[in-house]
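This report concerns only the one structure given below.
The values are calculated or read from the model by the stated rules, or taken from the named source; none is laboratory data. Keep in mind it's a predicted model, so treat the numbers as computed, not measured. Positions of Cβ are backbone-derived with ideal geometry, glycine not excepted, and every protein chain shown enters the neighbour counts. Only protein heavy atoms, including side chains, enter the accessible area calculation; ligands, DNA and RNA are left aside. Shrake-Rupley method; radii C 1.70, N 1.55, O 1.52, S 1.80 Å.
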Amino acid sequence: MLLMFRGSLVILSLLTMFIILSLDTTSTINLQDKFFEPVSAQGFSDAKSGIQNETAESTTPTDRSLIVKLLADNLENRINKSAAILEITGELPQVKNVSYANSISSELHGIPKDLDIAKRKVAQDILASDTDLQLIFFLMPNGDMYIEEPYSRQQNLTGNNFAFRDYYKGAVSTGDTYLGNIVISASSGLPQSNIAVPVYYSDSNNTNNNNDNRSNSNMTLLGVWSGGLNLTVFSEVLQSLNLTNGERIVYVDQNGQKAADSNKQSFKTNQNESFANLQAFNNVLQEQKPGSAIEMINGIRMLVFYEPVQFHSTTWAVLLFKPL
């Protein structure tokens, strides 16, 4: 039975029930079609087309600022879309059920493949509907891995407890969805950022006038429902743009760590590249607004355009480098 929450969470409950019905009647849920307007995909296509036209035909600072803003808006929308899918499905009884916790095995880095099929099915449906996510996993309240999908990623894990990760700490300490730093994945060995959603059990008979349900002392943490962003997909979008004259665009996380790169060679050979020392990046964190700065990078004088990407309390950035 779904838990009843006040205010906006009533809507969430209705959406959750709709997903349950879909799970019972279809083999695959297209969550994006059900909960997000189909025009969003067209909007991205139109934005990409506009960016390509700008990069191919324009050279003024105003044009470059517009390109960076379009990319930042698109990235922000995509992260928020993926987070919303995780938040909605995090209210499903299949996700909240952790009755197989006693079957967690350190050798398997979680529970066996043939257990908690319902939760694995939800994870598989999310991955089928949102290509911006490449894996889904559930951590126990203490940070132990419960499941990961695809299961091959669970098999490849090099650890069993992830309470030390910033995304786990952020979600648990804030009681809210948290976007993690770029880290090296324990299951792929590649850079990855995770969106973490804390999942709670609440005493529905308790009343509290505080609008923040997670501040309620009767809220019990069941685990952390998370999705790993597919950073390769973000890079492929940048690499499809018609950049000219040595220009380059990167997405960076809150620590200045590269998340995506328009330069195919740098994306492959220097995945751990950091831009934390750039004045442009520090301007983003300090000013929380767009701008530009002139910097020397690898001996080349560059005009760097920057735009913040906001997600809850986290700030990423889009940086465009133009040689002078």
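State all residues of the stretch 132-174 that are of a type in the set (S, T, N, Q), assigned to a loop (DSSP other than H, G, I, E, B) and either open to solvent by less than 30 Å² (accessible area, probe 1.4 Å) or at pLDDT below 95 (or both); if no residue qualifies, say none.
So in the stretch 132-174, the residues of a type in the set (S, T, N, Q) come out as 134, 142, 152, 154-156, 158, 160-161, 173-174.
Still in the running and assigned to a loop (DSSP other than H, G, I, E, B): 142, 156, 158, 160.
156, 158, listed by residue number.
Of all residues in the stretch 93-131, which are in contact with a Ser or Thr (Cβ under 6 Å, 6 or more places away or on another chain) and either modelled with pLDDT under 95 or in a loop (DSSP other than H, G, I, E, B) (or both)?
111, 115, 130
Out of the residues in the stretch 175-200 meeting the condition of being of a type in the set (A, V, I, L, M, F, W, C) and not in a loop (DSSP other than H, G, I, E, B), tell me which one is surrounded by the most Cβ atoms within 10 Å (Cβ to Cβ). Outline the logic, then answer.
Of all residues in the stretch 175-200, those of a type in the set (A, V, I, L, M, F, W, C) come to 179, 182-184, 186, 190, 195-197, 199.
In the following step, the residues that additionally are not in a loop (DSSP other than H, G, I, E, B) were identified as 179, 183-184, 195-197, 199.
On the way: 179: 26, 183: 17, 184: 12, 195: 26, 196: 28, 197: 24, 199: 25.
This residue is 196.
Of the numbered conditions (1) open to solvent by 40 Å² or more (accessible area, probe 1.4 Å); (2) closer than 20 Å to residue 192 by Cβ; (3) without any contact (Cβ under 8 Å) to a residue 24 or more places away in the chain, residue 128 satisfies every one except a single condition; which is it?
Unmet condition: (3).
Which of the residues belonging to the stretch 225-267 are small (Gly, Ala, Ser) and over 17 Å from the mean Cα position of the chain (by Cα)?
Initially, the stretch 225-267 is screened for residues small (Gly, Ala, Ser), giving 226-228, 235, 240, 246, 256, 259-260, 262, 266.
Residues satisfying the conditions are 240, 246, 262, 266.
Which numbered condition in (1) in contact with a Gly (Cβ under 9 Å, 6 or more places away or on another chain); (2) at pLDDT 95 or above is the only one that residue 215 fails?
(2)
Six or more apart or on different chains, Cβ atoms under 9 Å: show the pairs whose first residue is in the stretch 136-147 and under 15 Å from residue 107 (Cβ atoms) and whose second is part of a strand (DSSP E or B) and open to solvent by 10 Å² or more (accessible area, probe 1.4 Å).
144/161; 145/161
Does residue 119 meet the test of being basic (Lys, Arg) and open to solvent by 30 Å² or more (accessible area, probe 1.4 Å)? Working first, answer last.
Details: basic (Lys, Arg): yes; open to solvent by 30 Å² or more (accessible area, probe 1.4 Å): no.
So residue 119 does not fit the description; no.
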